[in-house]
Amino acid sequence: MTTQTHPVDHELIQAAAHIARTRCRGENHTMAAAARARDGRIVTAVNAYHFTGGPCAELVVIGTAAAQGIYELDTMVAVGDRDRGVVPPCGRCRQVLLEYFPELKVIVGEGERVRAVPVTDLLPESYVWADHQLDQLDAE
């Protein structure tokens, strides 16, 4: 695991916090996420909580970005409702983010300790599904 950090995208944190304050209502939507595309655009989304799990805000951002023709994300952050601040991605999101965007930076930490780190730092010794597919292994 590296300890490399990148400059923190405060505008991205503010975008997610704004969505958390203005769009997260009740138990169904408790988290907001924002991602910066490689071209500079910001995409935002909220989670869709359900007792069966439902998609986290980070995963909804991926779909929202694709619906807007954005397939390359540079940085992502999640923010909780009720002023909970930056919230790190869950394990499932870490795995999905790594596989979709292996170069992604994720903003984590709180207060003065907020930092942007490579998604690979959040999932060391990770399993990459594509690396273990039979057709991939047969091609080698």
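Quick one: with all protein chains in place, what share of the accessible area of the chain is carbon or sulfur, to the nearest percent (1.4 Å probe)? Can you show the working numbers first?
Details: 4290 of 8300 Å².
Heavy-atom surface of the chain belonging to carbon and sulfur, 1.4 Å probe: 52 percent.
Roughly speaking, what is the centre-to-centre gap between the stretch 87-124 and the stretch 11-54 when only Cα atoms are used, to the nearest Å? That distance is 15 Å.
The residues of the chain have, on average, 59 Å² of accessible surface per residue, using a 1.4 Å probe with all protein chains present. Between the listed residues LEU97, VAL117, ALA78, the Cα displaced farthest toward the positive end of the dipole of the stretch 13-140, a dipole computed from Cβ unit charges relative to the Cα centre, is found at ALA78. Look at the alpha carbon pairs under 8 Å that are at least 6 residues apart: their mean separation over the length of the stretch 1-99 gives a relative contact order of 28 percent. Counted over the chain, the DSSP beta bridges are approximately 90% antiparallel.
The values are calculated or read from the model by the stated rules, or taken from the named source; none is laboratory data. This is a predicted model, so every value here is computed, not measured. Because the Cβ atoms are built from the backbone with ideal geometry, glycine has one as well, and the counts that use them run over all protein chains shown. In case anyone asks, the SASA skips ligands and DNA or RNA and just uses the protein heavy atoms, side chains included. Shrake-Rupley method; radii C 1.70, N 1.55, O 1.52, S 1.80 Å.
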